[in-house]
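Just below is one structure, and these are the notes that go with it.
The values are calculated or read from the model by the stated rules, or taken from the named source; none is laboratory data. Since the model is a prediction, treat every value here as computed from it, not as a measurement. Cβ placement follows ideal geometry from the backbone for every residue including glycine, while neighbour counts extend to all protein chains displayed. Note: areas computed on protein heavy atoms with side chains; ligands, DNA, RNA excluded. Shrake-Rupley method; radii C 1.70, N 1.55, O 1.52, S 1.80 Å.
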Amino acid sequence: MLHTLKAFWKRPTTIIGLVTAVMFQIIFAIVWMTAYDGATEADRLKQLKVGIVVSDQTAGREIADKLAKELPVGTRLVASGAEAEQLLNERKLQMVITIPGNFSDSLKEPQRAAVIRYSINESNPALTANLMNSIAAKTTATANKEAVARGLKAAFVQGNLPAAAAEPLSERITSEFVNVNEIHGMNNQMAPMMLLLASYVGTMIMSMNIAQSSMALTAAGMGRWKLFAARNTINVFAAVFVSLIGATLLMLLGGQVKHGFLLMWGFQSLFVLSFILLSQFCLILFGMGGMLMNILLLSIQLVTSGAMLPRELLSTFYHRLGGALPASYAVEGSMDILFGGSGAGAASLILLLFIVLTAGLSGLVTGLRKGRTQPVVQKSGEPQPIS
């Protein structure tokens, strides 16, 4: 037993495995604890935007002004319902509050209830919808208080009725919810996160093993450009094939895919290829030390992608960092295709830019390394795959 343990510790792969496990702990702890620090503080919540459409210029304008002061999120007056719906669909607004044109008239008639309409885009992180529902309840309560203070009690006083009789009417304002791009079930809510995690971790491990194969073939005398071309041919094939499996399973297991299988497959192929080429670039640039860079990129992209937490709640540093990495566009486009939204066209173009950029940088590094000593392959045979 002792002899076997010594033999294990003499193998570089044993040390690498232990170091990798330790680095996962260190990197994830640092990134996640710093990224989520203060995410729900007041100044961060102000980054979430609620649009207010005021069709009633009598009581509606005063209520809108009061909401702007009291709500914990940022507010924005929108001129029309159509414009508000477009901004909501593009995720530039997290909710739209509509005060209809008959709002004041409804308050004056005891037989009618005044309604405030709340439109929430569910094609967002789950936390966003939860926050917006909580804010909607606060909004209705605020509007009720404002309506009573403004007119109801005055009306009773003018009629020589006790002001206390107005209290039951203080809850006459009701809420009406319109859920845009509805998500059916927690399994579908978590689908963008699942696609991101499975795609990046899987391609990261694949790139590590292909890098080891490339080292062995280099030692056998194969030219670097032939290897580079072969690696990227495999990368394209792997992106299409892996995405086919992922999209098929998503459909077979009851996943919600609003815009169809083919679009989901094509878009997933794009972001999987961007993940492969990014992880490959780290390995080409740093050798097997690029493993640590890939672990760091995995942790950062899980935090900044917007799959779990709205990116608006992150610090400026992490928000901008997320915008410079492909995962946030993968999640944004996936939400549009799975649940509905403004479309994945813009996200697809940015992912294509990532693909061209990382492939070009990998080719540049490969060309600049002409004449450098290649990594040494273990004498005992083929390098052990990393899994």
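Would you kindly identify the strands (runs of 3 or more DSSP E) lying entirely within region 1-116 that contain at least 1 residues that are open to solvent by 50 Å² or more (accessible area, probe 1.4 Å)? Show your work before the answer.
Details: elements: 49-54, 74-77, 95-99.
In region 1-116, 49-54, 74-77 are the strands (runs of 3 or more DSSP E) which contain 1 or more residues that are open to solvent by 50 Å² or more (accessible area, probe 1.4 Å).
Go through (1) more than 30 Å from Thr139 (Cα to Cα); (2) open to solvent by less than 40 Å² (accessible area, probe 1.4 Å); (3) modelled with pLDDT of 90 or more; (4) part of a helix (DSSP H, G or I) one by one and return the number of the condition Asn188 breaks.
(1)
Would region 319-338 turn up any residue that is surrounded by fewer than 17 Cβ atoms within 10 Å (Cβ to Cβ), under 16 Å from the mean Cα position of the chain (by Cα) and under 30 Å from Phe228 (Cβ atoms)? Working first, answer last.
In the first step, residues of region 319-338 are kept if they are surrounded by fewer than 17 Cβ atoms within 10 Å (Cβ to Cβ); the result is 320, 323-324.
Keeping just the survivors that are under 16 Å from the mean Cα position of the chain (by Cα) gives 320, 323-324.
Next, only the ones that are under 30 Å from Phe228 (Cβ atoms) stay: 323-324.
The answer is yes; a qualifying residue exists.
Yes or no: region 251-269 includes at least one residue that is polar (S, T, N, Q), assigned to a helix (DSSP H, G or I) and buried (at least 19 other Cβ atoms within 10 Å of the Cβ).
Within region 251-269 (the criterion being polar (S, T, N, Q), assigned to a helix (DSSP H, G or I) and buried (at least 19 other Cβ atoms within 10 Å of the Cβ)), the answer is yes, since at least one residue qualifies.
Tell me the residue from Ile295, Ile355 that is over 21 Å from Asn121 (Cα atoms), assigned to a helix (DSSP H, G or I), at pLDDT below 95 and touching a Ser or Thr at 6+ places or on another chain (Cβ under 8 Å), please.
On the way: Ile355 fails: at pLDDT below 95.
One residue alone meets the criteria, Ile295.
Quick test for you: out of Ser243, Ser279, Ser213, pick the one residue that is open to solvent by less than 70 Å² (accessible area, probe 1.4 Å), in contact with a Leu (Cβ under 8 Å, 6 or more places away or on another chain), in a helix (DSSP H, G or I) and hydroxyl-bearing (Ser, Thr, Tyr).
Numbers: Ser243 fails: in contact with a Leu (Cβ under 8 Å, 6 or more places away or on another chain); Ser213 fails: in contact with a Leu (Cβ under 8 Å, 6 or more places away or on another chain).
Among Ser243, Ser279, Ser213, only Ser279 is open to solvent by less than 70 Å² (accessible area, probe 1.4 Å), in contact with a Leu (Cβ under 8 Å, 6 or more places away or on another chain), in a helix (DSSP H, G or I) and hydroxyl-bearing (Ser, Thr, Tyr).
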